[in-house]
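K.L.:
Here it is, the structure, as structure tokens.
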Amino acid sequence: MENKIKYAVIAVVAIIIVAAIGLVFLNQGDDGSEPVTITQKGSDTMLELCQYWAEDFMAENDDVTVEISGGGSSTGLTALIAGEVDLAQASRQIKSSELASANSSGVEPVEFKVAIDGISIVINDDCPVENLTMEELRGIYNGTITNWNQVGGDDHAITLYGRQSTSGTYEYFWEVVLKKENYSASMNMLSGNSAIVAAVQGDEYGIGYVGIGYAEATGIGIVELKADENSTAYSPLDEAAVLAGDYELSRYLYIYTDGTPTGAIADWLEWVLTVDGGQAVAEEVGFYALSSDVIAEQLAKLG
């Protein structure tokens, strides 16, 4: 009887050990590595792009999960500084006030350019306006131009659509177009690019601004921009004009880390910067890829 009990105990212990080993292997990747979760938050303009990046990256790296969320560039940078996420995506550069907050919190933001955007001025397909000067665009959004007939359109009030104040695109537009003047109080502030596209699609007299990846939609017209009345008008769909900076609202898109990234986070950023990986996806989604020189500069930051 004692031997039977002894052998039964040994058998139970053996089963427990085998089960534990099995759980370890279930929680490892194909190469035996421990699973890793990367968290990233921020720009809504970049949200869809980053989600596509994450899907493709995870398909190649089954031991890594990349969780992407939006909320705006300011929200993402605030979360990075608070240590709540590993990375922040931003459609504008980090502000001096955010850097000061980061430094006081022991966080060292490192900036990576990851793609190129041409902020697109979108109107309803039924609107006859084809181009605007930067001064006209400024007037529309600061409220001094309120009727389409002031810029060559029909005699009807302009309906303004823009982003919420946590948006990096809101900040960029405020600095570059409005020259840090106030937005018109009549602007409808929406939480994302898709919401602006939908609003303009349904509003014959609406105008909005979105990332180029959202601009080519049914029922949407894209306005060409020119520096002044005597300048050439360029479209954000003109890749050469955007990359050369001839299009007035060309900009880089960014990802920020806390210090020089290592491990899976470094692998993630390296993939985003790969010509056949993340850069090819950026072009598929509708944004523009970085030049080889800029890619080399960003990769050098990875050490």
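The values are calculated or read from the model by the stated rules, or taken from the named source; none is laboratory data. A quick note: this is a predicted structure, and the numbers were derived from the prediction, not measured. Counting neighbours? That spans all protein chains shown, and the Cβs are built from the backbone with ideal geometry, glycine included.
K.L.:
Counting only residues that are without any contact (Cβ under 8 Å) to a residue 40 or more places away in the chain and under 19 Å from Gly213 (Cβ atoms), which one in segment 275-294 is farthest from the chain's Cα centre (by Cα)?
P.N.:
Val275
K.L.:
Still on this structure, I have one more. Looking only at segment 96-130, count how many residues are under 20 Å from Lys179 (Cα atoms) and surrounded by 15 or more Cβ atoms within 10 Å (Cβ to Cβ).
P.N.:
The total comes to 5.
K.L.:
Something else about it: Somewhere in segment 160-170, is a residue within 22 Å of Asn230 (Cα to Cα) and surrounded by 15 or more Cβ atoms within 10 Å (Cβ to Cβ)?
P.N.:
no
K.L.:
Among what's in segment 239-272 and is part of a loop (DSSP other than H, G, I, E, B), touching a residue at least 24 places away in the same chain (Cβ under 8 Å) and out of contact with any Lys or Arg (no Cβ under 9 Å at 6 or more places or on another chain), pick the residue that is surrounded by the fewest Cβ atoms within 10 Å (Cβ to Cβ).
P.N.:
The residue in question is Gly259.
K.L.:
Now a separate question. Give the residue, chosen from Glu216, Glu171, that is under 19 Å from the mean Cα position of the chain (by Cα), at pLDDT 95 or above and in the same structural domain as Met134 (by TED's automatic domain parsing).
P.N.:
Numbers: Glu216 fails: at pLDDT 95 or above.
Step by step, each of Glu216, Glu171 is checked, and only Glu171 is under 19 Å from the mean Cα position of the chain (by Cα), at pLDDT 95 or above and in the same structural domain as Met134 (by TED's automatic domain parsing).
K.L.:
Is there a residue in segment 133-148 that is without any contact (Cβ under 8 Å) to a residue 40 or more places away in the chain and either under 30 Å from Ile295 (Cβ atoms) or surrounded by 22 or more Cβ atoms within 10 Å (Cβ to Cβ) (or both)?
P.N.:
No, that holds for no residue.
K.L.:
Inspect all residues belonging to segment 66-86 and state whether any of them is under 21 Å from Thr262 (Cβ atoms), β-branched (Val, Ile, Thr) and assigned to a loop (DSSP other than H, G, I, E, B).
P.N.:
Yes, the conditions are met somewhere in segment 66-86.
K.L.:
Assess whether Gly208 counts as being under 19 Å from Ile145 (Cβ atoms) and within 22 Å of the chain's Cα centre (by Cα).
P.N.:
Yes, satisfied.
K.L.:
On to the next question. Just checking, which of Gly29, Gly83 is surrounded by 10 or more Cβ atoms within 10 Å (Cβ to Cβ), at pLDDT below 95 and not hydroxyl-bearing (Ser, Thr, Tyr)?
P.N.:
Only one candidate qualifies: Gly29.
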